[in-house]
Amino acid sequence: MRYRKGKCDLMYVIEGLLFLSSWVMVVNGSIHEYKDEAFIPRFNSFFFHGGSEGLYASKVQDSPLLVSDDSNNNNNKPINGKSFIRFESIIFRRTKEAANKQNEMQQSTGIVEAIILEVKDRNEIGGSYLNSDAICCTPALAKDGSCKVGEVIIHQDPENPGWPKRIQTSFEGNSEEANMVFNNVQINKTGMYYLYFMFCNPELKGTLISGRTVWRNPEGYLPGKMAPLMTFYGLMSLAYLILGLLWFLWFVQHWKDIIQLHYHITAVIGLGMCEMALWYFEYANFNATGSRPMGITMWAVTFSAIKKTVSRLLLLVVSMGYGVVRPTLGGITSKVLLLGVVYFLASEALELVEHLGNINDFSGKARIFLVLPVALLDSCFIVWIFSSLSKTLEKLQVRRSLAKLELYRKFTNSLAVSVLLSVAWIGYELYFNASDPLSELWRRAWFIPAFWTLLAYLLLWVICILWAPSNNPTRYAYSGEALDDEEEGLSLTGSSVIVGGDLSKLDRKERKASITADHVFGLGEVVLEEDKRE
């Protein structure tokens, strides 16, 4: 019973280390750089999290550990089909006071260990089976010969000999620096891998690490979580291209009957095509080089933020009846634009932190604060959209515009379904992240961001079908109905719409040719043709 308790206690310790490290370092790339980073004390050890990524097993088997003093020779070896973790120019620097205490002639005066483990083997680190919470071996634990004093306790996996992996680097004499030998650790088993640099000697307290490690999958440098997204963005680029071609054919076929709203839809499709293409090329370049190209990434992030903003504004102005029951947004134009600008800035900031943050910066914490305003603004959009839809439906019912009413009912139902799916998916995301804090389900994680891209694409399809160009644009175009002045200043909590005028007269006017706005989202004055019969 004591054996089980000790093992469970130490398993919680290792889980705590892994969870803590996920907040200390946010992994955004396959090249992990360390710039004089400090070690963190934990029980009787000191550790530094060197990175964590999902890695697929090598397709080409090789020696599990290649060690050479000549890094160029190793770099020239074929790497296609191989999955590995490579240590490059790793240097440990201890304090001058710690170095002066050592004997100049002594060969080893301190050991730093690089520990590579698969996350499922986290309970193989430490003295759990010895009823101890120690991570480093002590003289008492070393009596039975199961570990060496001053080293991290590792229990080898009988089903995977040699793992967890240990690579040691020693300080010599009173030297302040210790250089880690160039190493390639080949990965022959698919899993989520964690890298820790650890030492047990208290005299090494204050030691810093610099250098970098390179992580590679068989097909390239993309982390395992992100690798499927490159294929996904490639397919989405093709999907937007197909939608764009179909919309272009509709557009050309009925170009004489095009209304202003069709140009807005075209802009969203174009932005979507550019966004997906840029993300695909960004991921392809990342996969080939191991680092994110700043230029392409910036463009992809910016197009993504613009497309999200314009898409939400399109949903909002359509819900308000723009181009259908009203030619302009009137007095609320400034409010709509203000909400759009604020959302763009918040979305751009969040995307920049997510995709351009370095693995050793504060991007993890910054993301928490940046997600909140984006979520709040999304909520504002949802409330305003459904509030506007309610007023538009009410107006169409009073005016007995049956064709437009049916159109907006379909649009409302589609939007309601998308909102319900979004709420359900947010709940799933929360459950997924809470139940998988150590990223053991990393092979499924790519679908979390992919869902939102796919949902936005499907909703755009719905809008394109409902508002497709046709020979009868008056079925959904603005047809000169009398506008209520009060409506131009509607707020989210505004009262019901007051509609006046002779209904029979409005029915006759609905059969007239539509008069539409001249500027995007109703900016500028719209001159209406005077009714000759009035």
(Q) Of the residues S418, S390, only one is closer than 26 Å to T333 by Cβ and open to solvent by 30 Å² or more (accessible area, probe 1.4 Å); which? (A) S390
Q. Just checking, how many residues over segment 380-403 are among the small types (G, A, S), part of a helix (DSSP H, G or I) and within 18 Å of M320 (Cβ to Cβ)?
A. 3
Q. If you scan segment 331-351, which residues turn out to be at pLDDT below 85 and open to solvent by 30 Å² or more (accessible area, probe 1.4 Å)?
A. G331
Q: Run V60 past the list (1) over 33 Å from the mean Cα position of the chain (by Cα); (2) modelled with pLDDT under 85 and report the number of the one that doesn't hold.
A: (1)
(Q) Which numbered condition in (1) assigned to a loop (DSSP other than H, G, I, E, B); (2) more than 19 Å from T213 (Cβ to Cβ) is the only one that K82 fails? (A) (2)
Q | Unmet requirement for I135, which otherwise passes all of (1) surrounded by fewer than 19 Cβ atoms within 10 Å (Cβ to Cβ); (2) in contact with a Ser or Thr (Cβ under 6 Å, 6 or more places away or on another chain) | A | (1)
Q. Out of the residues in segment 424-436 that are over 16 Å from the mean Cα position of the chain (by Cα) and under 21 Å from G191 (Cβ atoms), which is least open to solvent (accessible area, probe 1.4 Å)?
A. D436
Q. So which strands (runs of 3 or more DSSP E) stay within segment 159-257 end to end and still have 2 or more residues that are farther than 21 Å from K148 by Cα and among the aromatic types (F, W, Y)?
A. 191-199
Q.
Suppose we filter V268, V324, V318 for residues that are modelled with pLDDT under 90 and part of a helix (DSSP H, G or I); which single one remains?
A. V318
Q: Name every residue in segment 356-387 that is β-branched (V, I, T), surrounded by 15 or more Cβ atoms within 10 Å (Cβ to Cβ), under 21 Å from the mean Cα position of the chain (by Cα) and modelled with pLDDT of 80 or more, in order of residue number.
A: V374
Q) In this structure, is A468 among the small types (G, A, S), in contact with a helix residue (DSSP H, G or I) (Cβ under 6 Å, 6 or more places away or on another chain), open to solvent by less than 20 Å² (accessible area, probe 1.4 Å) and within 30 Å of N217 (Cα to Cα)? A) no
Q: Looking for whichever is of a type outside the set (S, T, Y), in contact with a strand residue (DSSP E or B) (Cβ under 7 Å, 6 or more places away or on another chain), under 30 Å from L356 (Cβ atoms) and part of a helix (DSSP H, G or I) here; the options are A288, A284, A277. Which one fits?
A: A288
Q: Please name all residue pairs, on different chains or six or more residues apart, with Cβ atoms under 9 Å, provided the first residue is in segment 254-279 and is touching a residue at least 40 places away in the same chain (Cβ under 8 Å) and open to solvent by 10 Å² or more (accessible area, probe 1.4 Å) and the second residue is among the small types (G, A, S) and not in a helix (DSSP H, G or I).
A: H254/A468; H254/S470; D257/S470; D257/A477; D257/S514; Q260/G323; Q260/A517; H264/G323
Q) Counting just the residues of segment 437-450 that are in contact (Cβ under 8 Å) with a residue 12 or more places away in the chain and part of a loop (DSSP other than H, G, I, E, B), which one comes out most open to solvent (accessible area, probe 1.4 Å)? A) E440
**Q.** Restricting segment 181-207 to residues that are within 13 Å of G110 (Cα to Cα) and touching a strand residue (DSSP E or B) at 6+ places or on another chain (Cβ under 6 Å), the residue that is surrounded by the most Cβ atoms within 10 Å (Cβ to Cβ)
**A.** F199
Q: Would you mind telling me which numbered condition in (1) modelled with pLDDT under 90; (2) farther than 25 Å from T138 by Cβ L229 fails?
A: (1)
Q. Right, K410: touching a Gly at 6+ places or on another chain (Cβ under 9 Å) and farther than 25 Å from V119 by Cβ or not?
A. no
**Q.** Considering residues of segment 199-225 that are among the hydrophobic types (A, V, I, L, M, F, W, C) and touching a helix residue (DSSP H, G or I) at 6+ places or on another chain (Cβ under 9 Å) only, the residue farthest from T289 (Cα to Cα)
**A.** L204
(Q) Going by what's in this entry, would L141 be described as within 18 Å of C200 (Cβ to Cβ) and either open to solvent by less than 10 Å² (accessible area, probe 1.4 Å) or touching a His at 6+ places or on another chain (Cβ under 6 Å) (or both)? (A) no
Q) Where residues in segment 224-247 are more than 25 Å from S439 (Cβ to Cβ) and under 23 Å from the mean Cα position of the chain (by Cα), which of them is least open to solvent (accessible area, probe 1.4 Å)? A) Y240
Q.
Checking M298 against (1) at pLDDT below 90; (2) over 22 Å from the mean Cα position of the chain (by Cα); (3) farther than 18 Å from V462 by Cβ; (4) open to solvent by 60 Å² or more (accessible area, probe 1.4 Å): exactly one of these is not met. Which one?
A. (2)
Q.
So in segment 63-96, with the set limited to residues that are modelled with pLDDT of 90 or more and open to solvent by 40 Å² or more (accessible area, probe 1.4 Å), which one is farthest from the chain's Cα centre (by Cα)?
A. K96
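The values are calculated or read from the model by the stated rules, or taken from the named source; none is laboratory data. Here the structure is a predicted model, which means the values were calculated and not measured. When we count neighbours, we look across all protein chains shown, and the Cβ atoms used for this are built from the backbone with ideal geometry, even at glycine. For accessibility, only protein heavy atoms count, side chains too; no ligands or nucleic acids. Shrake-Rupley method; radii C 1.70, N 1.55, O 1.52, S 1.80 Å.
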